[in-house]
Amino acid sequence: MSYTAPLKDMVFVMNELAGLDAISQLPGCEDATPETAEAVLEENAKFCSEVIAPLNWAGDCEPSRWHDGQVKTTPGFKEAFRAFGESGWQGVQHPTEYGGQGLPKLLATPCIEMLNSANLSFALCPLLTDGAIEALMTAGSQEQKDLYLEKLISGQWTGTMNLTEPQAGSDLALVRSRAVPQGDGSFKIFGTKIYITYGEHDMAENIIHLVLARTPEAPEGVKGISLFIVPKFMVNADGSLGARNDVHCVSIEHKLGIKASPTAVLQYGDHGGAVGYLVGEENRGLEYMFIMMNAARFAVGMQGISVAERAYQKAVSYAKDRVQSRDLAGSTGPVAIIHHPDVKRMLMSMRSQVEASRALSYVTAAAFDGAHHHPEESTRAANRAFYEFMVPIVKGWSTELSIDVTSTGVQVHGGMGFIEETGAAQYYRDARILTIYEGTTAIQANDLVGRKTVRDGGAFAKSLIAQVRDTSAQLSRAGSDDLSAIGKRLAEASVALEEVVNFIAANARSDVKAAFAGSVPYLKMAGVVFGGWQMGRAALVAADKLSSGDGDASFYRAKITTARFFADHYLSTASASRAAIVEGSSGVLALAEEQF
């Protein structure tokens, strides 16, 4: 099935909820006018639908292959990646001084969404390269920036993130890869890294690995980890390529989904040591790697939205074409299944979750831009706090709902959804990794609890809840049955969320396991409430547009209906989530190990 970018909703969210006009007034963002944004999105949509999307099914059927240390990607990927780089899409949000377009994250975010909707496996290579660029921009020396950034941004080279080892998954304190100084400023790297996305491939001239390793005198634990640049091919001072470095792909994984993306096992130093170069200061590698991880976590959240959108489009198309059974209200013959109430319920559940998570993520991207470009420090700090609070929610909630949405997409297809040839199953399989890599949902939830909620006693979380209540009050005063109902649900959900925040803040030190037992439900609940908040804001804008007769009336009516559905079917679950978190920890923790 072809992919059609939901440009109308993207533009609506960017302009009306995320405040693109205000972002374009910030220093360094002046080029991102609404007119420019629409032109960029239209071009990106064309590229993704015509060049990238047709390779999605092919990548699932004919995945990347490893042979004798080399990886051959799906036919067509190499040519598509070259076109991707030459068209400038790798550089949308990166600095113009290194060949990027220098556009704000808010404008890059729908581009990320479209690329991932078109082909999740393909999009992983640019995603990791973006992370490498961010890390080098922040912690790299000027010499390293000059040597690597332009070719990473142009797509001539790609980047990877090397954290995980066979004995060290999420616990990076167990990293054992070694970095031995050579006395000339370089290091020899030894060790094994696993789960390295696009750690070996044939789509670019060089691969720039960013690798966590320990120097000989490093302290134990995470405080003794340093970050190193280890290129696949050595890079000469003039940027030309030199000899092959001692890093080799010894295998790639056979996976449930994202099959076209090669997930490599990389061996460093089997032939004397891979040459690496320290990024920043010794023993600060985890700090620098978190720059990559934060960028990647937001992008993986966008992957969840993207694959859910693609599954929704496919389900709608099938539901309109598949004729089966008579209409319950009476008909002379069988009708398309979209006329059946439960099919409509499933489609609305898919649609509303996609729109809510898209709105929350775009608003979060706008906060990133405000944090980096606003001239006033107090405003930058407020935006930074918002962005940092929302990143684990965007990553965790959006990926968790993608599994539900893609599963529902299979259900809409019925038995045909279980048959690979229809394509619905691919989205379900591809989505399953998203809650795991770049930090599992539990890790995102631990971050939300420990760093984002407990640290300030829940103060920032409650400041956001106050904003939710302001929106619910506006909805209640709007004089519309739909808007009043949304406002009522939003107000009830905000009360439930505040009770959870108070419970976590009060118990995180006195009964830490009780507080963390509800961490994932808390993250999901926060996603629902804050996503519902954005849907409520969208409904208010849509109502104003309808009142003034401005724009596409059908689109705005659908926006209000979708917000009402989300309020009735998802915001209404907040009180149950509150009960499970506040009152349910004993059931989580009661059984002893031997009782399982």
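Taking the criterion of being closer than 15 Å to residue 43 by Cβ and not acidic (Asp, Glu), the residues of the stretch 86-107 that qualify are 87, 88, 89, 90, 91, 92, 101, 103, 107.
Applying the selection to the stretch 49-75, what residues are among the polar types (S, T, N, Q) and loosely packed, with under 13 Cβ neighbours inside 10 Å? Matches in the stretch 49-75: 70 only.
Residues are listed down the side, and each one gets a yes or a no for (1) of a type outside the set (Asp, Glu); (2) touching a Phe, Trp or Tyr at 6+ places or on another chain (Cβ under 8 Å); (3) at pLDDT 95 or above:
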{"site": "269", "(1), (2), (3)": "yes, yes, yes"}
{"site": "274", "(1), (2), (3)": "yes, yes, yes"}
{"site": "279", "(1), (2), (3)": "yes, yes, yes"}
{"site": "287", "(1), (2), (3)": "no, no, no"}
{"site": "311", "(1), (2), (3)": "yes, yes, yes"}
{"site": "319", "(1), (2), (3)": "yes, no, yes"}
{"site": "325", "(1), (2), (3)": "yes, no, no"}
{"site": "332", "(1), (2), (3)": "yes, no, no"}
{"site": "336", "(1), (2), (3)": "yes, no, yes"}
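Would you mind stating whether residue 512 is surrounded by fewer than 18 Cβ atoms within 10 Å (Cβ to Cβ) and out of contact with any Asp or Glu (no Cβ under 7 Å at 6 or more places or on another chain)? Yes. Taking the numbered list (1) within 30 Å of residue 9 (Cα to Cα); (2) in contact with a Gly (Cβ under 6 Å, 6 or more places away or on another chain) in turn, residue 160 passes all entries but (1). The numbered conditions (1) within 28 Å of the chain's Cα centre (by Cα); (2) in a helix (DSSP H, G or I); (3) small (Gly, Ala, Ser); (4) over 22 Å from residue 17 (Cβ atoms) are all true for residue 527 except (4). If the condition is being surrounded by fewer than 16 Cβ atoms within 10 Å (Cβ to Cβ) and under 24 Å from residue 223 (Cβ atoms), then the stretch 139-179 contributes 141, 166, 167, 169, 170, 171, 173, 174, 176. For the stretch 562-585, taking the residues that are open to solvent by 40 Å² or more (accessible area, probe 1.4 Å) and either free of Cβ contacts under 8 Å to residues at least 24 places away in the same chain or on the phi > 0 side of the Ramachandran plot (or both), the one that is nearest to the chain's Cα centre (by Cα) is identified as 576. Listed by first and then second residue, the pairs with beta-carbon distance under 7 Å, at least 6 apart or on different chains, first residue in the stretch 52-81 and of a type in the set (S, T, N, Q), second in a helix (DSSP H, G or I), are 56/118; 74/55; 74/58; 74/59. Among the residues of the stretch 366-396, write down those that are among the β-branched types (Val, Ile, Thr) and either under 18 Å from residue 462 (Cβ atoms) or at pLDDT below 95 (or both). Selection gives 393 alone. Of the residues making up the stretch 230-265, those that are open to solvent by less than 10 Å² (accessible area, probe 1.4 Å) and under 16 Å from residue 204 (Cβ atoms) are 230, 231, 239, 245, 247, 249, 260, 261, 262, 264.
Could you go through the stretch 433-447 and let me know if any residue there is touching a residue at least 40 places away in the same chain (Cβ under 8 Å), in a helix (DSSP H, G or I) and more than 21 Å from residue 170 (Cβ to Cβ). No, the stretch 433-447 contains no residue that is touching a residue at least 40 places away in the same chain (Cβ under 8 Å), in a helix (DSSP H, G or I) and more than 21 Å from residue 170 (Cβ to Cβ). When the stretch 212-239 is filtered for residues that are under 20 Å from residue 130 (Cα atoms) and either aromatic (Phe, Trp, Tyr) or out of contact with any helix residue (DSSP H, G or I) (no Cβ under 9 Å at 6 or more places or on another chain) (or both), the ones remaining, listed by number, are 228, 230, 232, 233.
Residues checked against (1) of a type outside the set (A, V, I, L, M, F, W, C); (2) open to solvent by less than 50 Å² (accessible area, probe 1.4 Å); (3) more than 15 Å from residue 528 (Cβ to Cβ):
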site	(1), (2), (3)
332	yes, no, yes
368	no, yes, yes
376	yes, no, yes
386	no, yes, yes
408	yes, yes, yes
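The residues listed here are 478, 506, 473; of these, the one that is surrounded by fewer than 16 Cβ atoms within 10 Å (Cβ to Cβ), closer than 23 Å to residue 568 by Cα, over 30 Å from the mean Cα position of the chain (by Cα) and not acidic (Asp, Glu) is 473.
For the stretch 1-48, the set of residues classified as surrounded by fewer than 15 Cβ atoms within 10 Å (Cβ to Cβ), outside any helix (DSSP H, G or I) and in contact with a Pro (Cβ under 7 Å, 6 or more places away or on another chain) consists of 27 only.
Against the conditions (1) under 27 Å from residue 157 (Cα atoms); (2) buried (at least 23 other Cβ atoms within 10 Å of the Cβ); (3) in contact with a helix residue (DSSP H, G or I) (Cβ under 6 Å, 6 or more places away or on another chain), residue 99 satisfies every one except (2). Screening residue 135 against (1) open to solvent by less than 10 Å² (accessible area, probe 1.4 Å); (2) aliphatic (A, V, I, L, M); (3) modelled with pLDDT of 95 or more; (4) part of a helix (DSSP H, G or I) leaves a single unmet condition, (3).
Considering the stretch 530-549, the residues that are surrounded by 24 or more Cβ atoms within 10 Å (Cβ to Cβ) and over 15 Å from residue 467 (Cα atoms) include one that is nearest to the chain's Cα centre (by Cα), namely 539.
Conditions tested, residue by residue: (1) under 16 Å from the mean Cα position of the chain (by Cα); (2) modelled with pLDDT of 95 or more; (3) open to solvent by less than 20 Å² (accessible area, probe 1.4 Å); (4) among the acidic types (Asp, Glu).
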position: 415; (1), (2), (3), (4): no, yes, no, no
position: 425; (1), (2), (3), (4): no, yes, yes, no
position: 428; (1), (2), (3), (4): no, yes, no, no
position: 436; (1), (2), (3), (4): yes, yes, no, no
position: 443; (1), (2), (3), (4): yes, yes, no, no
position: 452; (1), (2), (3), (4): no, yes, no, no
position: 457; (1), (2), (3), (4): no, yes, no, no
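Residues satisfying the criterion are present in the stretch 412-424 (criterion: in a helix (DSSP H, G or I), in contact (Cβ under 8 Å) with a residue 40 or more places away in the chain and among the hydroxyl-bearing types (Ser, Thr, Tyr)). Might you let me know whether the stretch 334-352 holds any residue that is over 25 Å from residue 558 (Cβ atoms) and either part of a helix (DSSP H, G or I) or open to solvent by 10 Å² or more (accessible area, probe 1.4 Å) (or both)? Yes; the residues of the stretch 334-352 include at least one that is over 25 Å from residue 558 (Cβ atoms) and either part of a helix (DSSP H, G or I) or open to solvent by 10 Å² or more (accessible area, probe 1.4 Å) (or both).
The values are calculated or read from the model by the stated rules, or taken from the named source; none is laboratory data. This is a predicted model, so every value here is computed, not measured. Note: ideal-geometry Cβ built from the backbone for every residue, glycine included; neighbour counts use all protein chains shown. What goes into the accessible areas is simple: the full protein's heavy atoms, side chains included, and nothing from ligands, DNA or RNA. Shrake-Rupley method; radii C 1.70, N 1.55, O 1.52, S 1.80 Å.
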